[in-house]
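Novice: Once you've had a glance at the structure underneath, I'll fire off some questions.
Computed from the coordinates by the stated procedures, all read-outs in this text should not be read as laboratory data. Everything numeric here is computed off the predicted structure, so don't read it as measured data. Please note: Cβ atoms are built from the backbone with ideal geometry, for glycine as well, and neighbour counts cover all protein chains shown.
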Amino acid sequence: MQKLAVYTAFDGDDMVFIDCMRNIAIINGYVPINPEYALGYYLSTTSHDGKKFEVMKDCLSLVMAADELWLFAESENIALQQLSEGILVEVLLWVRVKTPGIRVFSISETVKSLNYHDHASYKGRVLSIDEPMIRTSLENNQFSEISGFLDEVKYTLRPIVFIDIRNEDFKYIDWVRAYAYLHGKVPISPQHLMPEFIYKVHNNAQEDYQGSIEKLKSVASQIWAVYHSGVALQNTKERYGLSPRVTFVSMREVGMPKYANPRNWSITSKEVKENLL
């Protein structure tokens, strides 16, 4: 049975707690999709020329990929009026096009539940909500602006691309993500969203991690297999075969200086030779 993906919505002021949001999703058997981990606040904003309108579109692409939406806030009983405009957009999209599946998690209770010596599962509170409830909770012009934004962007959301990159090359992931933005894609990578070590910390089986990988791949319209050398390209092609969903992308192509221009990047001639593809 395929795992379920959960979009972890949160106010930017609570970004310091996103590790907790990701971990509790994994402990509960879900595949977490956190917008900050996926997109990178600075990288996505600069790639979209500082336009929040465009950044939110990528968040909404991730919302649409999820099976459930979990909202992390100060309290399980937070009022709709207290939510940021970004969260309100995500929640309104959800109630319009997805099945019920919104839960509210208290951040403090989430943190407490992650005591490694106490594996009692914390599942938050189910939030029963619909569009009329949102409309009556907000000022008329605020609801109209949020609703109008969704009407404007719903047919222009960008497709998701799964970034398959070696752990050893993960330090270059921002070049790949920037390249994805340049080509109108929404990047996701397992190292960002669900690092393998978390599964090991919580004694989850290796097949559990692999199941999460397959789920992430399934929500993407395309897979970018990133390689750094000719040998790596050949190995990657053997792994994927002739799958039409897979595009092979080189480090040189994404503009990583170490491979795009190794003579300028490297200090020694030995390093230059090693970095030539």
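Novice: Once you have the Cα-Cα distance between LYS154 and VAL201, take 0.36 nm times their residue separation minus that, and quote the gain in nm to one decimal.
Specialist: Details: separation 47, 0.36 × 47 = 16.92 nm, distance 3.89 nm.
Full-extension gain reported as 13.0 nm.
Novice: Hey, another quick one. Shape verdict for region 18-96, please, from the Cα gyration tensor: rounded (a/c under 1.5), prolate (a/b greater than b/c) or oblate. The partial results should precede the final answer.
Specialist: On the way: a/c = 1.65, a/b = 1.24, b/c = 1.33.
Oblate, because a/c is 1.5 or more while a/b does not exceed b/c.
Novice: What is the antiparallel percent of DSSP beta bridges lying wholly in the chain, to the nearest 5?
Specialist: 5
Novice: Continuing with this model, one more query. As a test of the definition: which semi-axes, in Å, follow for the chain when you take the square root of five times each eigenvalue of its alpha carbon gyration tensor? Largest first, please.
Specialist: Sorted largest first and rounded, they come to 35, 23, 17 Å.
Novice: Still on this model: Please give the contour-minus-distance gain from SER108 to ASN140: 0.36 nm per residue of separation, less the Cα-Cα distance, rounded to one decimal in nm.
Specialist: Numbers: separation 32, 0.36 × 32 = 11.52 nm, distance 3.23 nm.
Length gained between SER108 and ASN140: 8.3 nm.
Novice: Also, I was wondering about something else. Most mobile of VAL201, VAL246, VAL126 per a Gaussian network model of the chain (Cα springs, under 10 Å)?
Specialist: VAL201
Novice: Which of PRO195, ALA220, ILE267 sits farthest toward the positive end of the charge dipole of the chain, with +1 on the Cβ of Lys and Arg and -1 on the Cβ of Asp and Glu?
Specialist: It is ILE267.
Novice: Additional query: Could you point to the residue in PRO32, ALA9, SER47 farthest towards the positive end of the chain's charge dipole, with +1 and -1 charges on the Cβ of Lys/Arg and Asp/Glu respectively?
Specialist: SER47
Novice: Fewest Cβ neighbours within 10 Å first, please rank ILE33, ILE160, ILE18 accordingly. Each step should come with its number before you reach the end.
Specialist: Working: ILE33 26, ILE160 22, ILE18 17.
Ascending number of Cβ neighbours within 10 Å: ILE18, ILE160, ILE33.
Novice: Given the pairs LYS154/LYS215; LYS123/LYS154; LYS57/LYS185, which span a C-alpha to C-alpha distance of over 21 angstrom in this model?
Specialist: LYS154/LYS215; LYS123/LYS154
Novice: Still on this structure, please answer the following. Please work out the Kirkwood hydrodynamic radius for region 5-153, using every pair of different C-alpha atoms, and report it in angstroms with one decimal place. Please list the in-between numbers first.
Specialist: Working: mean 1/r = 0.0633 Å⁻¹.
Evaluated on region 5-153, it is 15.8 Å.
Novice: Per Stokes-Einstein, at 10 °C and 1.306 mPa s, what whole-number D in µm² s⁻¹ belongs to region 117-257, with the Kirkwood radius over Cα pairs as the hydrodynamic radius? Could the numbers behind the result be given before it?
Specialist: On the way: Rh = 18.4 Å.
Answer from the Stokes-Einstein relation: 86 µm²/s.
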